[in-house]
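Report on one structure; see the data block that follows.
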Amino acid sequence: ERTDKYIKIKLSYPDKKEISIKQWNEIYKIKRYWDSIRINNKIDKLFNLKSEADWYIEIDSWDRIPTWDKNKIYNDNKFRWEIVIYAKNNELIIVNKLKIEDYLKWLWEVWNSEHPEKIKSIIIAARTYALWYTTKEEKFPWEWYNWSDNPGVFQKYLWYWLEQRTPKVAEIVDLTKWQILTYDSKIIKPWYFSSSNWKTLSFYDYCIKKYSNKICSESSKKYPYLKSVKDNWWIWKEVRWHWVWMPWTWVSYYANKWWNAELILKYFYPWVEIK
C-alpha cells in the first residue's frame, strides 16, 4: 500500500453557520444558506480553495492559539493543500484534503522532545492505522470525508503550524516514509493508547468484554500478533484509553533503554514486519 494518497479530514470548526477563510490578501466570507453556501455574494453548493506551494490557507475566524503561547506566536488555524466547505444537516462541513505523509507531520500524537525511537514507533503505527482506514475499513462510509481531527474518533490532527514547532517529528516522518506494519504481507490495524495497569490486552481479552468465548476464541486466531504483554511502567502510570496493544508510556520506557523502533514494535505486535 502506498501512503502518497490524498485523504480528507473533517475539521472540528465550532461555528455551524459561518466561516472566514484567508489566503494572502483574499478573504472569503462563507455562510450556510439552507443546503447550499453563500460565498461572499455568490451562492453555490461547494467552496474549494487550494494552497500555493509555499503558503497556507488560514481560517481566520477560528482562534486556536495554544493556552501556553502567551506571546501569541502560534495559531493552529492554518492548513496546507486544500480546504473544501459544504453544507449538510444544517451545518457547515469543513474538510482538509491532503497527503498522508503531510498528515503525519501535523499529527499531535507524539511530541518533539520525545526519544527519536519512540517517535519512530508512534509514527509507523500511526501511518499504518491511517492507511488501514483508507484502504481496508471506513470510519465514515456515509460521508464524503475519510477521517476526523477529533482524537475521540480518530487521531489528533493539529494542522500545519504544528510542523513549525516539531521539526524532529517531521524529519522522522520523512525518514520512515511509506513504512507500515504488516503480518503475512498484509497491513494490520495497530491500535495504541496511553497507559495500562500492568499489561496490555490481547485480542481475545478485548473481544471477551463484548462477545462470547466461542466467537472470541475463533476470531483471535486471525490476529496472532495481538498478544497480551507485560507493562513495566504500570506502577507509575494510570490506566488511560482502551488499554489495547501499545502503550505510549512503555514505548518511552524501552526507547530510553536503547531499544530501537523495530524492537519496540515487534514486542507489542509479535511476528509483524515493517515493510
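Can you pull out every residue in the range 114-129 that is modelled with pLDDT of 85 or more and closer than 29 Å to residue 92 by Cβ?
Residue satisfying the conditions is 126 alone.
Condition check: modelled with pLDDT under 85 and closer than 17 Å to residue 270 by Cβ. Does residue 192 satisfy that?
In short, yes.
How many residues are surrounded by 15 or more Cβ atoms within 10 Å (Cβ to Cβ) and at pLDDT 90 or above when one looks only at the range 38-54?
So in the range 38-54, the residues surrounded by 15 or more Cβ atoms within 10 Å (Cβ to Cβ) come out as 38-39, 47, 49, 51.
After this cut, where a residue has to be at pLDDT 90 or above as well, the list is 38-39, 47, 49.
So the answer is 4.
Just to verify a result, which residue in the range 28-51, among those that are without any contact (Cβ under 8 Å) to a residue 12 or more places away in the chain and of a type outside the set (A, V, I, L, M), is farthest from residue 97 (Cα to Cα)? Can you show your working first?
Pass one, the range 28-51, residues without any contact (Cβ under 8 Å) to a residue 12 or more places away in the chain: 29, 38-39, 41-44.
Remaining after also requiring of a type outside the set (A, V, I, L, M): 29, 38, 41-42, 44.
Details: 29: 20, 38: 21, 41: 25, 42: 23, 44: 20 Å.
Top of the filtered list is 41.
Looking at the range 119-154 only, could you name the residues that are within 16 Å of residue 181 (Cβ to Cβ) and not aliphatic (A, V, I, L, M)? It would help to see each step written out before you state the result.
Quick first cut of the range 119-154, residues within 16 Å of residue 181 (Cβ to Cβ) only: 119-137.
Once the filter is applied, which keeps residues that are within 16 Å of residue 181 (Cβ to Cβ) and not aliphatic (A, V, I, L, M), the range 119-154 yields 120, 121, 127, 128, 129, 132, 133, 134, 135, 136, 137.
Which residues, taken from the range 128-146, are open to solvent by less than 20 Å² (accessible area, probe 1.4 Å) and within 15 Å of residue 269 (Cα to Cα)?
128, the sole residue that qualifies.
Would you tally the residues in the range 65-113 being within 15 Å of residue 9 (Cβ to Cβ), modelled with pLDDT of 80 or more and either part of a loop (DSSP other than H, G, I, E, B) or among the charged types (D, E, K, R) (or both)?
12
Looking at 257, 221 in this structure, which one is surrounded by fewer than 14 Cβ atoms within 10 Å (Cβ to Cβ), over 21 Å from residue 187 (Cα atoms), at pLDDT 80 or above and more than 24 Å from the chain's Cα centre (by Cα)? Talk me through it step by step, then tell me what you get.
Details: 221 fails: over 21 Å from residue 187 (Cα atoms).
Only one candidate passes the filter, namely 257.
The values are calculated or read from the model by the stated rules, or taken from the named source; none is laboratory data. This structure is a prediction, so every number in the text was calculated from the model and none was measured. Cβ sites come from the backbone with ideal geometry, for glycine too, and all protein chains shown count toward neighbours. Side chains are part of the model used for accessible areas, which takes the heavy atoms of the whole protein and leaves out ligands, DNA and RNA. Shrake-Rupley method; radii C 1.70, N 1.55, O 1.52, S 1.80 Å.
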